[in-house]
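Data first, discussion second: the structure below is written as structure tokens.
The values are calculated or read from the model by the stated rules, or taken from the named source; none is laboratory data. These numbers come from a predicted model, not from an experiment. A quick note on method: Cβ atoms are made from the backbone with ideal geometry, for glycine too, and the neighbour counts reach across all protein chains shown. Surface areas here come from the heavy atoms of the whole protein model, side chains and all, with no ligands, DNA or RNA. Shrake-Rupley method; radii C 1.70, N 1.55, O 1.52, S 1.80 Å.
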Amino acid sequence: MNKLFTLCTWTFVLLLAASVSSCHKFPGQSVPSYIRIDSISLDCDYYTYGANTSNFTDAWVYIDDQIIGCYELPSTIPVLAKGRHKVTVRAGICNNGIGDSRPYYTLVKPTADTLELVENSIVSYNPKVYYFPINEGVQIGWMEDFETTNALVPMSQSDVDMLRVGAEDSHIWYHEPYSFHSGKIQLPPDSLDFYVTTADEFTFYNKNYVEYCVLELDYNCNDAFFVGLSYYENYTISYHPLVQVLPSDNQHDVPNKWKKIYINLGPYMNEHINAEYFKLYLTSNLTVSEGYGQPAYVPLDKPRYYYFDNLKVLYRPQ
């Protein structure tokens with residue numbers, strides 16, 4: 001059984017309160033029932049939301065609308081309840097790839113089912129979750145899956161371009177049936193860095209605050225890179241690196257392990273709501289505030305590889 005963890009003090013308090021409530025509801029029950037959750041998957045319409053890749057790390061679990069706790073997946077969850085009960089699960093993520101920041105993903109709906117819970121027995125439950133519908137506030141600001149286009153273009157200081165390549169080149173296996181291409185950047189040993197940015201300018205916020213805005217990004221690389229935002233304000237373009245993303249596979253010269261990250265863009269965009277537009281950019285320069293950097297994991301005499309796919313900017317207006 002995986003160890004239950006709490007995200008912060010208030011989560012522990014909620015968990016304790018829920019446990020006490022369950023004890024009062026079932027005063028004769030001293031042996032728990034168990035719910036086994038191995039994974040949470042995303043189900044979505046490809047033509048609306050793009051590919052259904054996900055990286056849900058945690059399950060926020062509720063019994064009859066009372067929170068039980070947040071559990072790292074996979075996990076076997078003890079509950080003091082028996083019989084038929086409503087079990088609700090919210091999908092949790094690592095915000096910005098940080099293990100200590102683990103909220104539930106507010107752009108997907110919680111899922112609920114009625115389960116038969118039995119003392120000292122395990123019920124397996126692997127729920128699916130769905131994005132909130134477009135008409136319920138979630139909006140799509142931008143997407144690129146490289147199936148027909150490549151909307152990431154090199155910046156002037158970049159040593160290389162991004163190529164659009166087939167699935168075999170980028171080791172795509174799990175994206176079927178819709179993902180047959182990805183974006184590829186290869187840095188030879190004599191190259192310094194890549195810089196690519198969106199050709200599109202993001203103006204979807206219309207100079208209003210956004211409640212939540214996230215970049216979803218699939219990546220497969222053998223060296224680290226930065227994700228950043230640029231913005232145009234007061235006749236000046238400014239660049240701000242947001243998150244350093246570590247290699248998905250630094251054990252191979254050519255990486256073959258895809259990962260997914262969720263990056264919260266909202267706080268930084270809200271600090272600059274008077275900007276005329278934003279752009280997203282990616283760079284291998286790991287000292288972007290000081291000039292050109294060096295590879296973090298790959299020796300200088302080895303090539304560096306970066307593959308990207310299924311980029312989505314989703315947001316909820318305030």
* Take Asp200 and decide whether it is open to solvent by 70 Å² or more (accessible area, probe 1.4 Å), assigned to a loop (DSSP other than H, G, I, E, B) and free of Cβ contacts under 8 Å to residues at least 12 places away in the same chain. => no
* Asked: Going through region 114-165 one residue at a time, which ones are more than 24 Å from Leu314 (Cβ to Cβ), open to solvent by 40 Å² or more (accessible area, probe 1.4 Å) and assigned to a strand (DSSP E or B)?
  -> Thr114, Glu116, Glu119, Ile122, Ser124, Pro154, Leu163
* Restricting attention to region 279-294, does a residue exist that is open to solvent by less than 40 Å² (accessible area, probe 1.4 Å), touching a residue at least 60 places away in the same chain (Cβ under 8 Å), of a type in the set (S, T, N, Q) and not in a strand (DSSP E or B)? -> yes
* Structure fact -> Of the residues in region 79-96, those that are open to solvent by 50 Å² or more (accessible area, probe 1.4 Å) and farther than 18 Å from Ser39 by Cβ come to Lys82, Arg84, Lys86
* Structure fact -> Log entry, pairs with first residue in region 54-80 being free of Cβ contacts under 8 Å to residues at least 60 places away in the same chain, second being of a type in the set (D, E, K, R), beta carbons closer than 6 Å, six or more apart or on different chains, reads Asp58/Glu72; Asp58/Arg102; Trp60/Arg90; Asp64/Lys86
* To do: Test Ser191 against the stated conditions and say whether it is among the small types (Gly, Ala, Ser), surrounded by fewer than 17 Cβ atoms within 10 Å (Cβ to Cβ) and either at positive phi or touching a residue at least 12 places away in the same chain (Cβ under 8 Å) (or both).
  => yes
* Read through the list (1) of a type outside the set (Ser, Thr, Tyr); (2) under 21 Å from Thr53 (Cα atoms); (3) open to solvent by less than 50 Å² (accessible area, probe 1.4 Å); (4) out of contact with any Phe, Trp or Tyr (no Cβ under 7 Å at 6 or more places or on another chain), then give the number of the only condition that Leu107 fails. => (4)
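Does Glu233 fit the bill of being in contact (Cβ under 8 Å) with a residue 24 or more places away in the chain and farther than 30 Å from Asp169 by Cα?
Details: in contact (Cβ under 8 Å) with a residue 24 or more places away in the chain: yes; farther than 30 Å from Asp169 by Cα: yes.
In short, yes.
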* Structure fact -> Condition set in contact (Cβ under 8 Å) with a residue 40 or more places away in the chain and not in a strand (DSSP E or B), scope region 86-102, selection nearest to Ser54 (Cα to Cα): answer is Ile93
* **Tyr219 under 19 Å from Ser156 (Cα atoms) and modelled with pLDDT of 95 or more** => no
* Kindly check whether there is at least one residue in region 211-219 that is crowded, with 22+ Cβ neighbours inside 10 Å, farther than 30 Å from Gln318 by Cβ and in contact with a helix residue (DSSP H, G or I) (Cβ under 8 Å, 6 or more places away or on another chain). => no
* To do: Would you please name the residue that is most open to solvent (accessible area, probe 1.4 Å), looking only at residues in region 248-259 that are part of a loop (DSSP other than H, G, I, E, B) and either under 12 Å from Asp218 (Cα atoms) or hydroxyl-bearing (Ser, Thr, Tyr) (or both)?
  => Lys257
* Out of all the residues in region 115-156, which are hydrophobic (A, V, I, L, M, F, W, C) and under 30 Å from Ser30 (Cβ atoms)? -> Leu115, Leu117, Val118, Ile122, Val123
* Structure fact -> Note on Val61: of the conditions (1) open to solvent by less than 10 Å² (accessible area, probe 1.4 Å); (2) under 25 Å from Ser179 (Cα atoms); (3) out of contact with any Ser or Thr (no Cβ under 7 Å at 6 or more places or on another chain), unmet is (2)
